[in-house]
Amino acid sequence: MNSSQQRGASLRSQLRRSELIATGRKLFAHTSYDALSMDDIAQHAGVAKGLIYYYFKNKRGYYLAIVEDSVAELVSLAAGGAELPRTQRVQRTVEAYLRFAQENEAAYRTIVTGGVGFDTQVQEIRDAVRTGLVTTVAEGAYGHHDIPPIARLALLGWLSSVEWLTLEWLEYRDALQREVPRDLLVRMLRHTLNTIEEFAPECPAPPPDPHWRPFTGLTALNGESGA
């Protein structure tokens, strides 16, 4: 096989792997790890079970590859909108985070809680998410991610609140529109940024956006569409 053929085979292999991950993301979007067998997965993917083993070694390897792919999308979504004013960018980051959790609930729960066993691989994935999101929030708030340890500690504390508040919201999302936790988290972040400025004056909180208004419609409490 010449080099051109090798490149073609490698591209086809990468494409097939990506297709399997895309199929898995749909299957596991709202289905727990234990709920699907490898036979179920192969049937939905329309491939022999051995092909999944070939690319991912086992079910756990396949699921972790799906979660890692989801993580990359989450960080990418949150980091978007670099052209926006800093305050709007922070708001967009929170919105993207909640939307991802809503549309990829099972993967999100794994990221936050270690749904396939709390081990070093799962922890590394979660740490990568946290690092990426803290970097994104810092860049959105300050225009750079080189911040002092006290600021990073405070943002990690806020992010921990984000994770568990989001898990709780997923249980009640039929009664609370996404705008409610979004604006709650944005307000909490505002307080966090103000506190960071008190401890680290070199990290001034961005000025409030005069055009932003929190979602306060009473319809948010009963799941109806807001105005």
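Sequence-ordered 3J(HN,Hα) estimates for segment 92-106 from the Karplus curve with 6.51, -1.76 and 1.60 and θ = phi - 60° stand at 5, 4, 5, 4, 5, 4, 5, 5, 4, 4, 5, 8, 9, 4, 5 Hz, glycine and proline given as x.
The Cβ shell under 13 Å around Glu19 holds other residues with a net charge of +4, Lys and Arg each +1, Asp and Glu each -1. Taking a ≥ b ≥ c as the square roots of the eigenvalues of the Cα gyration tensor, segment 66-221 is classed as oblate, since a/c reaches at least 1.5 and a/b does not exceed b/c. For the pair Thr195 and Gln43, the difference between a 0.36 nm per residue extended length and the Cα-Cα distance amounts to 49.4 nm.
The Glu202 and Leu165 beta-carbon pair, evaluated with R₀ = 41 Å, returns a calculated FRET efficiency of approximately 0.90. Any chance you could check the Cα centroid distance between segment 157-177 and segment 120-155 for me, in angstrom? Computed from Cα coordinates, the inter-centre distance equals 19 Å.
Here, each number is a calculation from the coordinates, and none is a lab measurement. What you are looking at is a predicted structure, and each value in this text was computed from that prediction instead of being measured. Ideal geometry is used to build each Cβ from the backbone, glycine not excepted, and the neighbour counts take in all protein chains shown.
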